[in-house]
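Some notes on the structure that comes next.
The values are calculated or read from the model by the stated rules, or taken from the named source; none is laboratory data. None of these values were measured; they are calculated from a predicted model. Note that we place each Cβ from the backbone using ideal geometry, even for glycine, and neighbour counts take in every protein chain shown. Accessible surface areas use protein heavy atoms only, side chains included; no ligands, DNA or RNA. Shrake-Rupley method; radii C 1.70, N 1.55, O 1.52, S 1.80 Å.
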Amino acid sequence: MSILVLGGAGYIGSHTVRELIDAGRDVVVVDNLQTGFRKAIHPLARFYEVDIRNRSALEHVFASEDIEGVIHFAACSQVGESMHDPLKYYDNNLGGTITLLQAMIANGVDKLVFSSTAATYGEPERVPILESDRTEPTNCYGETKLSMEKMMRWVSSAHGLRYIALRYFNACGAHPDGSIGEAHDPETHLVPLILQVPNGQRAKISIFGDDYATKDGTCVRDYIHVTDLAQAHILALDRLLAGGESDVFNLGNGVGFTVKEVIECARRVTGHPIPAEIVPRRAGDPAQLIASSDKAKDVLGWKPQYDDLDTIVSTAWKWHAAHPHGFA
Ligand code: UFG
């Protein structure tokens with residue numbers, strides 16, 4: 001039997017496929033290659049170039065394969081873009097999930113691991129954030145991910161489908177062997193943007209605001225290695241396969257770093273001075289996002305292996321230094 005990974009050509013999707021295959025699982029990847037890369041797809045995965053909103057194409061995949069569980073990464077994920085083009089997010093993220101759930105129900109596949117986000121919380125009431133805390137997204141991307149979670153909850157109670165939603169904090173790093181890593185076009189994430197400076201692609205890094213109520217005035221985030229995220233998906237899948245109930249889990253290291261600390265870390269790792277300048281705040285950025293991942297540790301038995309920021313950034317640097325243009 002196989003695991004169907006939707007969005008398996010993307011950043012977190014491709015790392016999860018890699019861990020699944022390394023663990024001896026049979027994997028089917030579906031991706032429309034809108035933001036994913038053909039070269040990121042594991043050679044041992046069977047690949048279908050399909051947009052999940054296309055019900056008949058998705059039906060063909062379910063008919064051709066023997067699927068026992070689904071991991072769903074296939075969604076638009078740029079916060080800024082979601083504010084300018086909200087309907088694109090409703091169409092792809094909610095539309096794609098409706099079609100997927102319809103196909104799963106029609107084909108009797110009832111286990112789903114879902115790629116959710118800390119953006120479902122919005123501005124937190126307190127840190128570290130618990131899964132039971134208020135969810136009030138401050139951007140359309142987070143709103144669609146929260147709506148996708150809610151859709152799964154209703155479908156679960158109506159049709160018996162079970163799901164686990166994993167709310168990631170700041171995914172970063174790359175596979176330690178340097179073969180796959182982060183690549184977005186356009187790139188908006190802090191770590192890859194910082195590493196464009198030592199790679200000679202950017203003169204300096206901009207710091208979006210230094211007047212937040214944090215220890216050095218710059219935003220605090222909880223950075224979590226992509227391989228640790230990938231491992232959590234496998235644990236969640238195995239829990240569902242063993243009969244576990246629907247649930248939601250935060251995934252982070254539980255430690256916050258400021259933007260200045262991340263830049264300083266990249267200076268240590270790369271040996272490059274990495275000039276930085278303070279620019280105005282970016283709209284919609286909460287001052288601090290730090291996860292409590294105790295629930296994932298207690299219930300799923302999740303043990304992040306990369307809890308040290310220097311190690312995380314080193315894996316990212318290994319990838320970016322060898323692949324300055326990503327998968328292009
Ligand atoms: N930042 C800069 N300069 C840059 C880029 C980012 O100072 O050039 C700062 C941001 O203001 C933020 C931090 O670096 O404080 C991290 O920014 P990212 O864009 O890397 O990540 P975000 O925290 O904005 O977003 C991440 C994920 C989203 C997810 C969100 C959850 O990328 O998908 O966490 O809040 F929705």
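Key figures for this structure:
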read-out	value
Exposure ranking of 202, 162 by accessible area [1.4 Å probe, largest first]	202, 162
Within straight-line cross-link reach of residue 145, lysines at Cα separation under 22 Å, skipping those fewer than 8 residues along the same chain	88, 111, 295
For the chain, built as a Gaussian network whose Cα springs stay under 10 Å, the top-fluctuating residue of 261, 125, 19	125
The chain shape via C-alpha gyration tensor axes, a/c threshold 1.5	prolate
Simple label model, 7 Å out from Cα along Cβ direction - residue 277 to residue 106, nm	5.4 nm
Portion, in percent, of the accessible area of the chain that falls on carbon or sulfur, probe 1.4 Å	50 percent
Å² per residue, accessible surface of segment 23-155 at 1.4 Å	45 Å²
Sequence-distant residues sharing a close amide H with residue 220 (under 5 Å, placed H)	288, 289
Loop chymotrypsin sites (Phe, Trp or Tyr not before Pro), segment 185-224, which have at most 10 other Cβ atoms in a 10 Å radius of their Cβ (DSSP)	none
Between 0 and 90°, nearest 10: helix 11-22 axis offset from the chain longest Cα axis	60 degrees
Nearest 10 degrees, 0 to 90: helix 259-270 Cα axis against the chain principal axis	90 degrees
Max mean-square fluctuation residue, GNM over the chain, Cα-Cα springs under 10 Å, options 289, 146, 300	300
Residue-level accessible surface for residue 123, protein heavy atoms, 1.4 Å, Å²	90 Å²
Estimated [θ] at 222 nm from DSSP helical runs (n ≥ 4, -39500 (n - 2.57)) normalised by residues in the chain, nearest 500	-10500 deg cm²/dmol
All lysines inside 24 Å of residue 39 as judged from Cα atoms, apart from same-chain residues fewer than 8 positions distant	318
Per-pair calculated FRET efficiency, R0 = 51 Å: residue 126 and residue 54 via Cβ, rounded to 0.05	0.75
For the chain, size of Cβ-based charge dipole, Lys and Arg +1, Asp and Glu -1, in debye	240 debye
5 angstrom amide H check on residue 165, placed H, neighbours 5+ away	114, 247, 248, 249
Charged-residue dipole, Cβ positions (Lys, Arg, Asp, Glu), segment 191-299 about Cα centre, Debye nearest 20	440 debye
Nearest 10 degrees, 0 to 90: helix 309-322 Cα axis against the chain principal axis	80 degrees
Pairwise centroid distance, computed over Cα atoms, of segment 191-209 with segment 63-105, Å	31 Å
Cα pair distances exceeding 15 angstrom across segment 32-113, given as percent	62 percent
Straight-distance crosslink candidates among lysines, where the alpha carbon sits under 18 Å from residue 260 and sequence neighbours closer than 8 are dropped	204, 215
Options 74, 29, 64, ranked by Cα towards positive dipole end of segment 22-77, top entry (Cβ charges)	74
Virtual spin-label span in nm between residue 26 and residue 134, 7 Å along Cα→Cβ	4.9 nm
Within segment 121-165: backbone nitrogen closer than 19 Å to the residue 213 label point (7 Å, Cα to C-beta)	122-130, 134, 136, 138
Residue among 173, 271, 108 with the largest mean-square fluctuation in a Gaussian network model of the chain, springs linking Cα atoms under 10 Å	271
